[in-house]
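Scroll down for the structure; my scribbles are underneath it.
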Amino acid sequence: MTLNKKRIHEIIFEADTREGKAFDVTIIFLILLSVLLVLLDSIAVIREKFGLAIHIIEWFITAVFLLEYILRIWVLEKPVKYIFSFYGIIDLLAILPNFLGLVLTGGQSLMVIRAVRLLRVFRIFKLSRYTSAGRTLAKAMYRSREKIFMFISVIITLVVIFGTIMYLVEGDENGFTSIPVSIYWAVVTLTTVGYGDISPATGFGQFLASIVMIMGYAIIAVPTGIVTSEMMRMPAENNTQVCPKCMYDRHDDDARYCKKCGACLDVRNEDEEVNPADSQLM
């Protein structure tokens, strides 16, 4: 792997450098902006006034995601593993809806799948350093904030996805006039509040509502379990380094080589290996 490839790999796959953090923050912003544009585009009044501007911005974001996807494949020595991985499939699904929208009605609404990409950027929180000593309850809660934010992001993602599906299935005639209104229904249903002001009328919609209700009961105790489990164990210190060969990402802070395949993790370390004679001459 050339130096340029290694540098790009460090930026887009890791978050322990200034450039890597800036890249992740940019991707987060584009993901949130893209999802917001999809929500706004589902509102008739906004779509009539700003429809052209929304589509232009959305195509620009799609171009950025396409470039990111190509770069991720280019810098890896074994790109097939990434392409068929969970996040590789998510990255591909984040690009396809715009092109599917050219030939399929309602295809653009599938862009909410991009919200799932938020799960990747939580590797930034792995920068936090934890000691192996016993922690108090306050420190345990602080240490578990990564998992709590992860849990909240998953809930938000589910609400957006279920709301979008209900908007496509039920439509205006059943009270689901826009994606935000459908998301409101999903939140009310998932939290088992059930105001009853909006309800599905189709068979598939009622089946989906049943799934959302069951999920609501299942996730109530999750935050408590997260904090409790964090008090009972201490996580190993690791960073955001990703092996360019096998994509293993659970390395210690002082790791110079991959635990699984032995590949060099640092460009500087690899340079030292390539020119061992330089150190002997000194």
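Taking the conditions exactly as written (among the β-branched types (Val, Ile, Thr), assigned to a helix (DSSP H, G or I) and modelled with pLDDT under 75), does Val227 satisfy them or not?
On the way: among the β-branched types (Val, Ile, Thr): yes; assigned to a helix (DSSP H, G or I): yes; modelled with pLDDT under 75: yes.
So Val227 fits the description; yes.
Counting only residues that are part of a helix (DSSP H, G or I) and either more than 23 Å from the chain's Cα centre (by Cα) or surrounded by 10 or more Cβ atoms within 10 Å (Cβ to Cβ) (or both), how many does the range 192-223 have?
The initial filter retains those residues of the range 192-223 that are part of a helix (DSSP H, G or I), namely 203-218, 222-223.
Of the ones still in play, those that are also either more than 23 Å from the chain's Cα centre (by Cα) or surrounded by 10 or more Cβ atoms within 10 Å (Cβ to Cβ) (or both) are 203-217, 222-223.
Number of matching residues: 17.
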Output the residue which, of all residues in the range 21-46 that are crowded, with 19+ Cβ neighbours inside 10 Å and small (Gly, Ala, Ser), is nearest to Pro244 (Cα to Cα).
Ser34
Could you tell me which numbered condition Val38 fails, if it satisfies all but one of (1) modelled with pLDDT of 85 or more; (2) over 28 Å from Asp254 (Cβ atoms)?
(1)
Does the range 85-108 include one or more residues that are at pLDDT 85 or above and either buried (at least 17 other Cβ atoms within 10 Å of the Cβ) or in a helix (DSSP H, G or I) (or both)?
no
Just to be sure I understand the filter: pairs with C-beta atoms under 7 Å, separated by 6 or more residues or on different chains, first member in the range 1-17 and over 18 Å from Tyr87 (Cβ atoms) and among the charged types (D, E, K, R), second member modelled with pLDDT under 80 and part of a helix (DSSP H, G or I). Which pairs pass?
Lys6/Val267; Arg7/Val267; Asp16/Leu127
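The values are calculated or read from the model by the stated rules, or taken from the named source; none is laboratory data. All figures in this text were calculated on a predicted structure; none of them were measured in a lab. Every residue, glycine among them, receives a Cβ derived from its backbone with ideal geometry; neighbour counts consider all protein chains shown.
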